[in-house]
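As structure tokens, the structure follows; a few thoughts come after it.
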Amino acid sequence: MENIVAVKEEDLQYAGAARKMQRQLVRDFYRQDVTKPVVYLFVGGNPAELLRALGFQVYMPEITALTMAIRHQSLQYILKAESIGYGLDVCGYVKTDIGLTHLSGGETDMGKIPRPDLLVCNYSGCSVYAKWWEALAEFYKVPLIMLDIPYHRFNDPQKEDLEYIIGQLREMVEKIEKLFDLTFDMNRLKDVLAYSRKAEDGWGRSFEMAKHVPSPIDAYFESIFYMFPINALRGTKEAAEFYDLLNRELDERVKHGIGPVENEEFRTVIEGVPPYPGYRSFWNMFKKWNAVSVAATYPKVGGMFDIPELRHDPAKPWESIARYSIFSYCNLSWDFRRETIKRYLEDFKADALVIHGIKSCRSFTAGQGDLRDYVINELGYPALYVESDHQDPRYWAEAQILNRVDAFFEALRMKR
Amino acid sequence: MTSATSSDLIPLLTNLQEITYDIDFEQVHKWKREHPGKKAIATFPVYVPHELIYAYGHLPVNIYGGGEEISISHADAILGSFICSISKSTTELLLSHQPFRDAFDGFVFPFICDVARNLSGIFGRRISQPVYMLHLAQNVQSEHSIPYLKNEFMRMVSTLFPDEQLDLEKLRDAISKYNENRALYKKIYELRSETPWKVPLDDLYMTIRVGSNLDVVKHNELLKSKLSEYEKNERPKKDAIRVVVTGNFCEQPPLDIIRLIEQVGCYVIDDDFMIGRRFYQTPVSEEGDPIEALARHYLHEGAKTATRFHEGEKGEVILERVKNANAEGVIFLTAKFCEPALDDLVLQQQALQENGIPSVHIEFEERGSGYENIRLSLETFVESLLFD
């Protein structure tokens, strides 16, 4: 918590507790010994629970890449990947991962990133996923399993889509059992799913907290830190406990009327992937206007955790894993995304929409201009669109973005 | 469906370039006037099973953006900065070109990349015609992929033609006509491989591309006529190198660049130009369940483009193409911002390098402003091979 105001320290039992635990979880994660086979998964709609139940250590190179970027270490790896032919327009996650793990041996100041024993391509929401894993399979000469998740196009997942996914999940388990001489245990899976569910319920509750005025949490800039347990550790006891702690901290903030800025003046919904190379600067641009994000789409890149029906369910293991996988944010149709933004603007009593588009991720970004048009002209909310990248600092034009943000809030303030 | 006669072909043959690049889609409007009550369905690259649309008596039309024929004035604001030209010009056609909007009664965007996928949502918001995002199965190993894909194909046509029934006999007939279309392409490419000087690249390109907005029967007649013309062609043989051109499976380069490749001294023996129109080298089965035949063929026989998942064989695929074409080098011709092409290129270049096969990478956009740098790169590539 950055801006604790008008409350005595001794009244606060949980101030900064979630952030402290999150930091520790990150440190522990990257320092852990490799004692089990390593599987690489993608964040969006992944079947981490199945892989944990089978006995794998789960890594997500997207998370490693963004961690490098927020620590201002991504460019060296991007340049390495470019030196073997990856073009300027290739996704920065791909280049950071290949530059770091394949070309530099995975050594970081946080710990060593292990090479995978298995690649599972949970193809949910991003076509680059397939390209990335195809390349890693060639580099590392390890098995690659494609798990094809149909794009969300219908209001409810169609029976045939769920059957297709469940069929592939069962095939995947059988294949892994044979490849690694492992035995799948349904009871173990149910235990893992129960931890996932508990974490998701807690994470979902933290989103709801932002409906308070003032909001006790910045649902974009601050929540992004809290995404690590739900994505990297979902299905573990630690992740489940983390969200309990987060909610205790948020409850305390509500009780004392504490928010992330001193006097909440603007409530925004933020759409898009953050500019990790300029993360602090970007956040400060909003803080200076007393603007708080009260809802955001990016924390749902793993899955739509704010919709209870889409959370994992130990009573319906296969179906809930399949249903979850369809609803990763980038796998959602624009119809659904527009409705989601509309719901956030209304339910969280927001003043405006802010969109951050990035060069790397066309899945998230292509059509955000159309979204801006929809929000302004059909919903009647102000909307700001700025662009940079989530990995590559060469695209971070701080002065230009600052000018846009200042002009936007200046205009909003004038209209009041 | 239209039965073409040789006299029907005269306007096509004499106005090939104009018709190929016509963003008013006059050929489509003409077809609709001749077939009252029937529909034209626009399909974005790379591959959509046109046979299914044709089986309903409607006209499937490949769209390839606005090329050099339209200026981008609205699409930038809709799509953002880092997006390929074909997506922008297609969006521009939607936003500001009424003949395009009027030509089509439905749109299909296959999931070839994230931008193509997202275009379906942008179109869907802005028009009343049905729009379908076709999720082609990526898992070629799963036994569940064929039932899924059969169902997916049927959902596509149910969305496009909700009140119509599919006649399986008509689908078999459509498959037969498209098999003939693909067989004719194959013959022309075989002729080009044997005697490339007889088949000028730009003419071949437009002959294939013009079929995008024609009834397949009419296009088959055109291909037969062109095959006969090429066979008789007495153009002199040039001292040119045989190359494979790859990477341009979706967005199409300007005609000037296509001409440039041949002008600098290359015979293009194998290429990705409009690969979706000749996605299969083998005929789709005309026996049994025709929907299953289409699904099975897509999964197991389709071209191995960068828009599909195919593990561990990027190098082998390009090496085999080079070998089959008896080519001396490869031109990677990729559209700016085309991530699938740029990703595959790395593995393919490495395989070529390991096998001592030269390659050059050329990046293009639909609307270029002079091609001197591209000419220079191509000339250097050709000279390095000629004097090697």
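Summing +1 for each Lys or Arg and -1 for each Asp or Glu, what net charge is found among the other residues whose Cβ lies under 9 Å from the Cβ of residue B:202?
-1
Evaluate peptide B:80-92: per residue, the Cβ atoms of other protein chains within 10 Å of its Cβ; return the mean as an integer.
Rounded to a whole number, the mean comes out at 4.
When each pair of different Cα atoms in region B:91-206 is counted once in the 1/r mean, what is the Kirkwood radius in angstroms, to one decimal?
The answer is 17.5 Å.
So, by mean Cβ neighbours within 10 angstrom, what's the order for B:33-39, B:339-345 with the highest one leading?
B:339-345, B:33-39
Calculated from DSSP H runs of 4 or more alone, at -39500 (n - 2.57) each and per residue, what is the 222 nm mean residue ellipticity of chain A, nearest 500? Before the final figure, lay out the partial values.
Details: 16 runs with 201 residues, N = 416.
Computed mean residue ellipticity for chain A: -15000 deg cm²/dmol.
Once a ≥ b ≥ c are taken as the square roots of the eigenvalues of the Cα gyration tensor of region B:19-167, is the result rounded (a/c under 1.5), prolate (a/b larger than b/c) or oblate (a/b not larger than b/c)?
oblate
Toward the positive end of the charge dipole of the protein assembly as shown, about the Cα centre and with charges on Cβ (Lys, Arg +1; Asp, Glu -1), which of B:216, A:256, B:131 goes farthest?
Projecting each Cα onto the dipole axis, the largest value belongs to A:256.
For region A:13-416, rounded, prolate or oblate, judged on the Cα gyration tensor with a ≥ b ≥ c (square roots of eigenvalues), a/c < 1.5 rounded, else prolate if a/b > b/c?
Prolate shape, in that a/c is at least 1.5 and a/b is the bigger ratio.
Using per-residue counts of other Cβ atoms within 10 Å, averaged over each peptide, order A:87-93, B:10-16, B:349-355 from highest down.
Ranking the peptides A:87-93, B:10-16, B:349-355 by packing returns A:87-93, B:349-355, B:10-16.
Would you work out which of B:341, B:160, B:360 lies farthest towards the positive end of the dipole of chain B? Charges go on Cβ: Lys and Arg +1, Asp and Glu -1.
B:160
Provide a whole-number value for the mean count of partner chain Cβ atoms within 10 Å of the Cβ atoms in peptide A:89-101.
Mean shielding by partner chains, rounded to a whole number: 2.
Once you charge only the Cβ atoms, +1 for Lys and Arg and -1 for Asp and Glu, what is the size of the charge dipole of region A:169-260 about its Cα centre, to the nearest 20 debye?
160
For chain B, what is the percent of antiparallel DSSP beta bridges, rounded to the nearest 5?
In chain B, approximately 5 percent of DSSP beta bridges are antiparallel ones.
Let me know the charge dipole size of chain A about its Cα centre in debye, to the nearest 20, where only the beta-carbon of Lys, Arg (+1) and Asp, Glu (-1) is charged.
Approximately 380 debye in magnitude.
Total Lys pairs in region A:233-369 closer than 27 Å by alpha-carbon, pairs eight or more apart in sequence or interchain only?
19
List the aspartates and glutamates whose Cα sits under 19 Å from the Cα of residue A:198, skipping any in the same chain fewer than 8 residues away.
Straight-distance partners of residue A:198: A:49, A:208, A:238, A:241, A:244, A:249, A:251, A:306, A:309, A:313, A:319.
Averaged across the residues of B:108-116, what count of C-beta atoms belonging to other chains lies within 10 Å of each residue's C-beta?
4
With +1 on each Lys and Arg Cβ and -1 on each Asp and Glu Cβ, how big is the dipole of region B:19-167 about its Cα centre, in debye rounded to the nearest 20?
Numbers: 12 positive and 17 negative charges, 57 e Å.
That gives region B:19-167 a dipole magnitude of about 280 debye.
Please give the calculated 222 nm ellipticity per residue for chain B, where each DSSP H segment of at least 4 residues contributes -39500 (n - 2.57) and the sum is spread over every residue; nearest 500 deg cm²/dmol?
-15500 deg cm²/dmol
Each value in this text was obtained by applying a stated rule to the coordinates, not by laboratory testing. Source: prediction; values computed, not measured. As a convention, Cβ positions derive from the backbone with ideal geometry for all residues, glycine included, and neighbour counts pool all protein chains shown.
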